[in-house]
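Data first, discussion second: the structure below is written as structure tokens.
What follows is calculated from the coordinates using simple rules that are stated; it is not laboratory data. The model shown is predicted, which means the values in this text are computed figures rather than measured ones. Reconstructed Cβ throughout: ideal geometry from the backbone, glycine too, with neighbour counts over all protein chains shown.
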Amino acid sequence: MSNQAIQLEPGSYYHLYNHGVGGRDLFKNADNYEYFLALYEKYISPIADTFAWVLMPNHFHLLIRIKDEAEIIENSDINKPLHQYFSNLFNAYSKAFNKRYGVRGALFERPFKRKQVDSVEYLKQVILYIHNNPVHHGFCSHPVEYPWSSYLSCVSVKPTRLQRQSVIGWFGSDADFSYMHHGKVEVETIETWLEL
């Protein structure tokens, strides 16, 4: 089954990712990143918990768990297909981005990519991959230096909606989480393993 055909199901974990059409930048400045995150909070938080994320200039990666059906009913409209919440996010952001920069046309590739995550080992590899994406693409030498990822929320004590305790728990401890992120991450190996 292709990534595009995977249906989002309550209670399941997913690695979601997408690129700008034709390599087009999705984010040009800090305001763009902040606005996308605000829209993400509005459209996605009612139906999903977030465990890791990174926003790169022309693509993004997310590790989420779709909430259980009862939680979704409390927060949103269960009759709407779950992928529609993401479509609404992308459409709202695209309209604002295009208006701001005086451009037209699609901003995000369609459909967005999604892979179900079905083991703790896979979850850990996806988290390492997401947090090290800026290192792999040459934006920094360690995830702590990149402001547009969940890594900083994971190592902080500040309140966050990120599911930080679960993430740290999968690695065993704060020290183990940090240790795993200090080693060289073989992104190409992880991409093959994740079948990206």
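Taking 20 Å as the cut-off, the amide N atoms of the range 5-40 that come nearer than this to a point 7 Å along the Cα-to-beta-carbon line of Met180 belong to 12-17. Going from the fewest other Cβ atoms within 10 Å to the most, the residues Arg110, Arg24, Arg100 appear in the order Arg110, Arg100, Arg24. Close amide H contacts of Lys67 (hydrogens built in the peptide plane, cut-off under 5 Å, sequence separation of 5 or more or a different chain): Gly11, Ala48, Asp49. The distance from the alpha carbon centre of the range 137-171 to that of the range 95-121 is 22 Å, rounded to a whole number. Count charges around Ser166 for me, please; just the other residues with Cβ under 10 Å from its Cβ, Lys/Arg as +1, Asp/Glu as -1. My count for the surroundings of Ser166 gives +1. Mean sequence separation of contacting Cα pairs (under 8 Å, at least six apart), scaled by the length of the chain, corresponds to a relative contact order of 27 percent. Exposure proxy ranking for Val103, Val126, Val135, Val21, based on other Cβ atoms within 10 angstrom of each Cβ and starting from the fewest, stands as Val103, Val21, Val135, Val126. Computed from the alpha carbon positions, the gyration tensor of the range 3-194 leads to an equivalent ellipsoid with semi-axes of 25, 21, 16 Å, biggest first. Straight Cα distances below 28 angstrom link Lys42 to the lysines Lys28, Lys67, Lys80, Lys95, Lys99, Lys113, Lys115, Lys124, Lys158, with same-chain residues fewer than 8 positions distant left out.
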